[in-house]
1. Of B:LEU245, A:TYR211, B:ASN181, which is farthest towards the positive pole of the protein assembly as shown's charge dipole, taken about the Cα centre with +1 and -1 on the beta-carbons of Lys, Arg and Asp, Glu respectively?
2. Which value, in square angstrom to the nearest 100, describes the accessible area buried between chains A and B on both sides, using a 1.4 angstrom probe?
3. Can you give me the Cα centroid spacing of segment B:1-16 and segment A:117-151 in angstrom?
4. Report B:HIS190's accessible area, 1.4 Å probe, all protein chains in place, as a number in Å² to the nearest 10.
5. If each label sits 7 angstrom from Cα along the C-beta direction, how far apart, in nm, is A:PRO191 from its counterparts in the other copies?
6. Rounding to the nearest 20 debye, state how big the charge dipole of segment A:230-409 is about its Cα centre with +1 on each Lys and Arg Cβ and -1 on each Asp and Glu Cβ.
7. Please give the charge dipole size of segment A:1-145, origin at the Cα centre, charges +1 on K and R Cβ atoms and -1 on D and E Cβ atoms. Round to the nearest 20 debye.
8. So which lysines can B:LYS165 reach, going by Cα to Cα under 29 Å and dropping same-chain residues fewer than 8 places off?
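The values are calculated or read from the model by the stated rules, or taken from the named source; none is laboratory data. Predicted, not measured: the structure shown is a model, and the values here were computed from it. Please note: Cβ atoms are built from the backbone with ideal geometry, for glycine as well, and neighbour counts cover all protein chains shown. Quick note on the areas: whole protein, heavy atoms, side chains included, nothing else; ligands and nucleic acids left out. Shrake-Rupley method; radii C 1.70, N 1.55, O 1.52, S 1.80 Å.
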2 protein chains.
Amino acid sequence: MTDVNNILQQSAAAFEEYKKVPAAERAAFLEAIAAEIEARREPLVTVAGQETNLPPARLNGELTRTTNQLKLFANLVREGSWVEAVIDSANPNSTPARPDIRKMLLPIGPVVVFGASNFPFAFSTAGGDTASVLAAGATVVIKGHPAHANTSLQVFEAMQAAIKKTNMPAYTVQHVAQPGNEIGKELVMHPLATGVGFTGSFAGGKALFDYANQRERPIPVFAEMSSINPVVFLPDTLEKNAAALAQTFGGSVTLGMGQFCTNPGLLIALRSPALDQFAQLLGDAIGQCAPQKMLHGGIQQAYVHNRGQLLTQQGVSVISEGAQAAELEAQPVLARVNAKDFLQNHILQEEVFGPSSLLVVCEDKEEMKAVLKSLRGQLTTTIAGTEADVKAHADLIELQTSLAGRVILNAPPTGVEVCAAMVHGGPFPATTDSRFTSVGSSAIKRWVRPVCFQGFFDGMLPPALQHANPLGIWRLVDGEFTKA
Amino acid sequence: MTDVNNILQQSAAAFEEYKKVPAAERAAFLEAIAAEIEARREPLVTVAGQETNLPPARLNGELTRTTNQLKLFANLVREGSWVEAVIDSANPNSTPARPDIRKMLLPIGPVVVFGASNFPFAFSTAGGDTASVLAAGATVVIKGHPAHANTSLQVFEAMQAAIKKTNMPAYTVQHVAQPGNEIGKELVMHPLATGVGFTGSFAGGKALFDYANQRERPIPVFAEMSSINPVVFLPDTLEKNAAALAQTFGGSVTLGMGQFCTNPGLLIALRSPALDQFAQLLGDAIGQCAPQKMLHGGIQQAYVHNRGQLLTQQGVSVISEGAQAAELEAQPVLARVNAKDFLQNHILQEEVFGPSSLLVVCEDKEEMKAVLKSLRGQLTTTIAGTEADVKAHADLIELQTSLAGRVILNAPPTGVEVCAAMVHGGPFPATTDSRFTSVGSSAIKRWVRPVCFQGFFDGMLPPALQHANPLGIWRLVDGEFTKA
């Protein structure tokens, strides 16, 4: 039986130590986690393959992504400017005299992280949420995902080895293996928890969000939940590039059996002969996808159910589907519906997690706009268009921008670059807070709060705020960015 | 009868136009609001005086603060770097090829603002919340505070005049005069509302927070609510500076009849003869405060009730109190209690909004730490100490830092500088989200979300992200801050 109270108390005690660890040592710790994971690559890929049905090439790539994320955050922490140091100097001549005020970001405390089933490495135990929490100087309690329980435990062992090698507080990272929703609720509701990171289903994320807000002291929850990632295909590109588009987006729909939160589940275009031709080519690409097992039985059953529900809605017809699936495999499908039917039926906006996509055929631009306006918040929206298309459809692109955290031109939404400019977020229900991202270096901003120090003696200030700028970081000093 | 649906629809329609207004014009609009308010200074100060009982000098100062806040946000918007433009250039040689990704902050949509009763100008109709919303490019629906209903309407008229003079969309700013909690709930629950700003009581802020989270699509609420702003007096400064400290902090407790969210309601010190002397001097300063009417009957009655409740708690004794109060006046009080009693009684942590403060006398440093650890989240914490004090009490200062958004050395917490480095925020229940501030230029961050653009043609991008940097703003380009 997991002792949640003990775990959070240990985490809170470790936080008091860990938050004081100098940036260079914290960076070395993140790199040590990456090294320990790399050292276990072969057994990790093997056990993850057994637990998730994902092929070795994919898992090897994902493991590399995971260690790269850890290194990215190590570099961010070592460079140091992420703390957003702002200094407003004293002005004794103003009325009233202005005091010296300096602020920076400080970690909030123990964070509970719930990993995703579809990324056993990169969005799970030592994934982006955990890496950003540890980079921020906060401690983490990881709820291991039951669909890859052994992978999670082995990654946790790698993290424990890194803790020992770099002399971090023993309880900086903790792992809860007990499955079930009740233990997750208990972790989130514990008074010492200060934040929550989650990647997964809408039902799961929303439940944690509600628990966190029902606490006596509510805490922030960043849950990345549900998105159908609409793609708008504009007329000129459909005329000119149908075959290439079909290959690119057919590949995106079926990549990894469609088990990505950025899977393009909704395609929007104007009725035309070029569209019919594109739809046929896209259907062929999706139909020819080599079948592959899904992550686990629960996901496969949900796919069968949701796919079946989609295909039986008013006005929905199948353009093409893949071969009859064997046990645990998913049968890919491309369906179509007219915009009029789409606009009347909210079920058609529900995420079908798997290799499924719905083409919405519009009669005119106004109908395309109506479809875009009807959509809920999204992680991504994509425009497929030539330069001429884009010039003629600025209003559509503006609508797409207000829908999502990431707007993409002429590339599939699957594939999320881990970089400073990435936004993997978006309006509800894509996430519970559109003001943050869970991928890229800005993900660290979820686990910190600004604290300002007024009138402090220089030696009392954290190094990031001291007069001499001993860390050599970028700071906003009296309105100017400088390293001086 | 207020038509909330109509108001939010107008606000959402205005948002579609207002968000496209170029930064220079938005800045001119904010300055025009400041000018229109300035032009009405005399009648505004008169009506506000009638409605709030605040003296003209204070109201004139507050009006100047209000126009200065508008000008600060005008400058922020005109300068432009606040959008946090981040550019990661394409790298065709990486595997897979890295696309061009650029992000910036964009406004979220209509925001509902609830002003505070104690700042009829600076934290109300055209106060910091409204100024930051408009600076962000979002539209605002202001719920006028019933305790200064006419002031609110006249400030709104000034804003409408500015809208006309600068040709902004007519419904960029709207004002709801209807009093009552029900209308506030309706505004927050309306599907087109995208954010909420609030300054006021814990009960009010928490209710709005709960409504916002019960929506089908939850929205962010920044509520600044409840804080008792602990001040720790260290031994050496009590020995050396008792008289000056008594004058400074006595003035802070009674300033504006204590009707400030940063009022120092809790004083913490070690038992000593120096403390007894200081307590006497402080009691004199507080007791000699010239009586003044409170803002309105509700606040005065609440003060009488909460003050009475405080003084009847186990172990609480009066050090000094002011003259018997006339109608609507508040009777200032300084009380004391031993740490042991304080630690056993949560009622002693409740905010007594008015000129009241409680001195907690500790037997030793461990008891001081226990008192600090027992406190809930605060807007401010203050240390009164000499350099020697500070060196000897680093552990206490660390505890204070984890409590609050602003940590102050040797100055009273009342008086909140409006600048880039200010944090007027803090852990719950000081606010509903410690990651933001409601004072200073960073207050704008509450009403925006990051959006990234992947693989866009340069001409499609917002100016802030275009290759040539036409706005000349600071941007993080491939990891370096530059204006190039």
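1. Farthest along the dipole direction, towards plus: B:LEU245.
2. Working: alone 19950 and 19950 Å², together 34190 Å².
Summing both sides, the interface buries roughly 5700 Å².
3. What the calculation gives is 43 Å, centre to centre.
4. Estimated to the nearest 10 Å², B:HIS190 gives 20 Å².
5. 4.1
6. Values: 12 positive and 18 negative charges, 58 e Å.
About 280 debye.
7. Values: 13 positive and 15 negative charges, 45 e Å.
Once rounded to the nearest 20, the dipole reads 220 debye.
8. Result set, ordered by chain and number: B:LYS19, B:LYS20, B:LYS71, B:LYS143, B:LYS445.
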